[in-house]
Amino acid sequence: MAEKTKPEPCPFCADDRVSVEGAAGLWWVFCGNPFCGASGPDRRTRRDAIERWNDAPRDRSLVSSDAR
Ligand SMILES: [Zn+2]
């Protein structure tokens, strides 16, 4: 019934201020921590974007900019 479409806290900084963004038919999850700013991969659906984010191991390939 209830879909698990809530993003987990950020795998990089553990902040829970994550939001789901969408534009031009693509969706991705974005970390709202200004010191982190990680974003997940773009997917065609909101749900898929969230699943990818939730599945994310602590994998540096997901981080667009290196914090250090
Ligand atoms: Zn983060």
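Computed from phi, the 3J(HN,Hα) profile of the stretch 17-34 under the Karplus parametrisation 6.51, -1.76, 1.60 (θ = phi - 60°) reads 7, 8, 9, 9, 10, x, 7, 6, x, 10, 10, 7, 9, 10, 7, x, 6, x Hz, with x in place of Gly and Pro. Coupling constants for the stretch 44-51 follow from the phi torsions by the Karplus curve (6.51 cos²θ - 1.76 cosθ + 1.60, θ = phi - 60°), and in residue order they are 6, 10, 4, 5, 5, 4, 5, 4 Hz; glycine and proline get x.
For the peptides 23-32, 48-57, what is the packing order when you average, over each peptide's residues, the other Cβ atoms within 10 Å and list the highest mean first?
Details: 23-32: 16.1, 48-57: 17.9.
Per-residue Cβ counts within 10 Å, averaged per peptide and sorted highest first, yield 48-57, 23-32.
Relative to the current alpha-carbon distance between ARG44 and ALA23, full extension at 0.36 nm per residue lengthens the span by 6.6 nm. Work out the FRET efficiency for ASN54 and ASP16 from their Cβ-Cβ distance, taking R0 = 22 Å, and round it to the nearest 0.05. So, using R0 = 22 Å, E works out to roughly 0.95.
The numbers here are math on the coordinates, done by the rules we state, and not lab data. Note that the structure is predicted; figures quoted are calculated from it, not measured. With ideal geometry, Cβ positions are generated from the backbone for all residues, glycine too; neighbour counts draw on all protein chains shown.
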